[in-house]
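Engineer: For reference, the structure I am asking about is given below.
The values are calculated or read from the model by the stated rules, or taken from the named source; none is laboratory data. Every value quoted in this text rests on a predicted model; they were computed, and no experiment measured them. Reconstructed Cβ throughout: ideal geometry from the backbone, glycine too, with neighbour counts over all protein chains shown. What goes into the accessible areas is simple: the full protein's heavy atoms, side chains included, and nothing from ligands, DNA or RNA. Shrake-Rupley method; radii C 1.70, N 1.55, O 1.52, S 1.80 Å.
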Amino acid sequence: SHADCGHIDIAIGGEYLAVDTGRYNTNEDQHSVVLIDGKNRCPSSGPGKGMQFDLTQGWMRDFQRHPMLDYCVADSTHMKQCYWSLRNFLFIRTQGENGYIVLLDNHNVDCGAVPHEYWWQLQCATTARIDVTGATAATVHGTAARIDCSFFQKPDAPTPAGPHSLEVRQDIQEWVWPAGKDQKPDETALFERTG
């Protein structure tokens, strides 16, 4: 009952860098998933709503293993109320603790009827820090490991009137229990993709 289909946790050498924010957080803005137009998709949930079950579901559509590569597809179409909402994962092993993760997010909200913003989020551990290192890049620094992030988008605009743009930024987002009981803020990174 959490809006977390496609969420990822990343640990390197036993150190968590990308995490689930925990504390019974059910909303999309508390997970490392794409927000469409910056909103939680379930009408009954929203920032600070707490334990609101979203009554939607996600599926693992495919999973394949290979000695050098793992692949899976998370389908959050029902959760995001889209024509389709797919997250393709490729985990490429190299040597030791090094590797590559490739995420391909593919969303069709309304067949291009109106332009939308797609916010790619990565929730980082409180022991890590995030630096925006360029127009399309950021790094998550842990105590002994790091994640280098690079962002790409389709080169062609979906419509001539709605060209793509890409902005990478950092955000600090506070999660609040219901009834005004404040919790300690969690540091998160919010990478915004518009187009």
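Engineer: Just checking, how many residues over segment 142-168 are open to solvent by less than 80 Å² (accessible area, probe 1.4 Å), modelled with pLDDT of 90 or more and not small (Gly, Ala, Ser)?
Structural biologist: Final tally of qualifying residues: 3.
Engineer: Right, here's the next one. Is it true that ASP54 is among the acidic types (Asp, Glu), open to solvent by less than 20 Å² (accessible area, probe 1.4 Å) and either at pLDDT below 90 or at positive phi (or both)?
Structural biologist: yes
Engineer: Which condition breaks for SER85 when tested against (1) in a helix (DSSP H, G or I); (2) at pLDDT 85 or above?
Structural biologist: (1)
Engineer: To continue, here is another question. Within segment 112-119, identify whether any single residue is outside any strand (DSSP E or B), open to solvent by 70 Å² or more (accessible area, probe 1.4 Å), under 20 Å from GLY38 (Cα atoms) and touching a residue at least 12 places away in the same chain (Cβ under 8 Å), and answer yes or no.
Structural biologist: Scanning segment 112-119, I find at least one residue that is outside any strand (DSSP E or B), open to solvent by 70 Å² or more (accessible area, probe 1.4 Å), under 20 Å from GLY38 (Cα atoms) and touching a residue at least 12 places away in the same chain (Cβ under 8 Å), so the answer is yes.
Engineer: Which one is most open to solvent (accessible area, probe 1.4 Å) among residues in segment 11-27 that are part of a loop (DSSP other than H, G, I, E, B) and either β-branched (Val, Ile, Thr) or modelled with pLDDT under 75 (or both)?
Structural biologist: Of everything passing the filter in segment 11-27, TYR24 is most open to solvent (accessible area, probe 1.4 Å).
Engineer: Cβ-Cβ under 6 Å, sequence separation 6+ or interchain: first residue in segment 90-111 and among the polar types (S, T, N, Q), partner open to solvent by 70 Å² or more (accessible area, probe 1.4 Å) and part of a strand (DSSP E or B). Which pairs?
Structural biologist: ASN108/TRP84
Engineer: Also: Within segment 1-10, restricting attention to residues that are modelled with pLDDT under 90 and open to solvent by 30 Å² or more (accessible area, probe 1.4 Å), which residue is nearest to ILE130 (Cα to Cα)?
Structural biologist: Here the residue is ASP4.
Engineer: Could you tell me how many of the residues in segment 101-129 are among the β-branched types (Val, Ile, Thr) and either out of contact with any Leu (no Cβ under 8 Å at 6 or more places or on another chain) or within 17 Å of GLU28 (Cβ to Cβ) (or both)?
Structural biologist: So the answer is 4.
Engineer: Looking at THR133, THR126, THR94, THR139, can you tell me which residue is open to solvent by 30 Å² or more (accessible area, probe 1.4 Å), closer than 16 Å to TYR16 by Cα and either within 15 Å of the chain's Cα centre (by Cα) or not charged (D, E, K, R) (or both)?
Structural biologist: THR126
Engineer: For segment 28-35, indicate whether the set of residues that are surrounded by fewer than 19 Cβ atoms within 10 Å (Cβ to Cβ) and either at pLDDT below 80 or not acidic (Asp, Glu) (or both) is non-empty.
Structural biologist: no
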